[in-house]
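Peer 1: One structure, as structure tokens, below. Some questions next.
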Amino acid sequence: MNRPTRAAATMVAAVILVGSVSVPASADDFGGCYGPDGAEGCVPDNFEHTFCFESNMTSAFIYHSRNAMVYLDAYSSYYDNEQSSCSAATDVVFRQSSGIPAYADYQCLDWNFWGRCEQARIRLDAADLTTSATRRHSACHEIGHSGGLRHGGTVDCMRTGLRSESNYSSHHIGHLNNRN
């Protein structure tokens, strides 16, 4: 299905007025599509996250990605459903890659009529994610994007860079549970 028009997918930046001074809203605005070509962090079509691993995934990457999905399941309204093989109906497809421009990335591949993400791809870079802590953080981070989260300033896995956090703050869990 084609992506909705840019006007339908564009988020309007929120501004908080403090006295007569305008202060931009927090960097972790929820929902909508953002990033290059509006393909990152789109709100998913529903709370079910079916997921699969492409055949090139090693056990270490599968282990941390699966645990990150279980964490999302346990601490939010999302529920996971692992599939033995990937199909067009899979919500999140995990791929192990090497040489991608970032440690890991998320991209919505297909949108529904309402601008919600139908299927997404998460790539994890084997060349850069060489420790359990960085694999765990990156899987949590990219799965957060698949739930609609943007990069945030709180101390959780939505902070960028090679870090060790592998959970979501209560603030981000609130966004995940509300999906709007």
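Peer 1: Give the residues of segment 142-158 that are under 18 Å from Cys33 (Cα atoms) and out of contact with any strand residue (DSSP E or B) (no Cβ under 9 Å at 6 or more places or on another chain), sorted by residue number.
Peer 2: Taking segment 142-158 as the starting set, the residues that turn out to be under 18 Å from Cys33 (Cα atoms) are 142-152, 158.
Leu149, His151, Gly152, Met158, listed by residue number.
Peer 1: Let me ask something additional. Considering only residues that are over 16 Å from Ala104 (Cβ atoms) and aliphatic (A, V, I, L, M), which ones fall in segment 126-180?
Peer 2: Result: Val155, Ile173, Leu176.
Peer 1: So which of Tyr63, Tyr79, Tyr75 is under 17 Å from Asn167 (Cα atoms) and modelled with pLDDT of 95 or more? Full working, then the answer.
Peer 2: Details: Tyr79 fails: modelled with pLDDT of 95 or more; Tyr75 fails: modelled with pLDDT of 95 or more.
That would be Tyr63, the only listed residue that is under 17 Å from Asn167 (Cα atoms) and modelled with pLDDT of 95 or more.
Peer 1: Restricting attention to segment 50-74, and to residues there that are among the hydroxyl-bearing types (Ser, Thr, Tyr) and part of a helix (DSSP H, G or I), which single residue is nearest to Thr90 (Cα to Cα)? It would help to see each step written out before you state the result.
Peer 2: Initially, segment 50-74 is screened for residues among the hydroxyl-bearing types (Ser, Thr, Tyr), giving 50, 55, 58-59, 63, 65, 71.
Still in the running and part of a helix (DSSP H, G or I): 59, 63, 65, 71.
On the way: Ser59: 20, Tyr63: 19, Ser65: 15, Tyr71: 19 Å.
By that ranking, first place goes to Ser65.
Peer 1: Would you confirm whether any residue within segment 150-159 is within 22 Å of Ala60 (Cβ to Cβ), among the hydrophobic types (A, V, I, L, M, F, W, C), modelled with pLDDT of 90 or more and surrounded by fewer than 23 Cβ atoms within 10 Å (Cβ to Cβ)?
Peer 2: To start, the set of residues in segment 150-159 that are within 22 Å of Ala60 (Cβ to Cβ) comprises 157.
Subsequent filtering for residues that are among the hydrophobic types (A, V, I, L, M, F, W, C) retains 157.
Filter once more, so that each one left must be modelled with pLDDT of 90 or more: 157.
Then drop every residue that is not surrounded by fewer than 23 Cβ atoms within 10 Å (Cβ to Cβ), which leaves none.
There is no residue in segment 150-159 that is within 22 Å of Ala60 (Cβ to Cβ), among the hydrophobic types (A, V, I, L, M, F, W, C), modelled with pLDDT of 90 or more and surrounded by fewer than 23 Cβ atoms within 10 Å (Cβ to Cβ).
Peer 1: Give me the residue from segment 55-79 that is among the small types (Gly, Ala, Ser) and touching a residue at least 60 places away in the same chain (Cβ under 8 Å) and, out of that set, farthest from Gly148 (Cα to Cα). So that I can check it myself, show each step before the final result.
Peer 2: Looking only at segment 55-79, we keep the residues that are among the small types (Gly, Ala, Ser), and these are 55, 59-60, 65, 68, 74, 76-77.
Those still in the list that are touching a residue at least 60 places away in the same chain (Cβ under 8 Å) too: 60, 65, 68, 76-77.
Values: Ala60: 25, Ser65: 17, Ala68: 15, Ser76: 13, Ser77: 13 Å.
Of everything passing the filter in segment 55-79, Ala60 is farthest from Gly148 (Cα to Cα).
Peer 1: Now a separate question. Search segment 77-106 for residues being touching a Phe, Trp or Tyr at 6+ places or on another chain (Cβ under 6 Å) and in a loop (DSSP other than H, G, I, E, B), and hand back the single one that is farthest from Phe53 (Cα to Cα).
Peer 2: Per the stated criteria, the residue is Ser77.
The values are calculated or read from the model by the stated rules, or taken from the named source; none is laboratory data. Here the structure is a predicted model, which is why all the values come from computation and not from measurement. Here the Cβ is made from the backbone with ideal geometry for all residues, glycine too, and neighbour counts use every protein chain on show.
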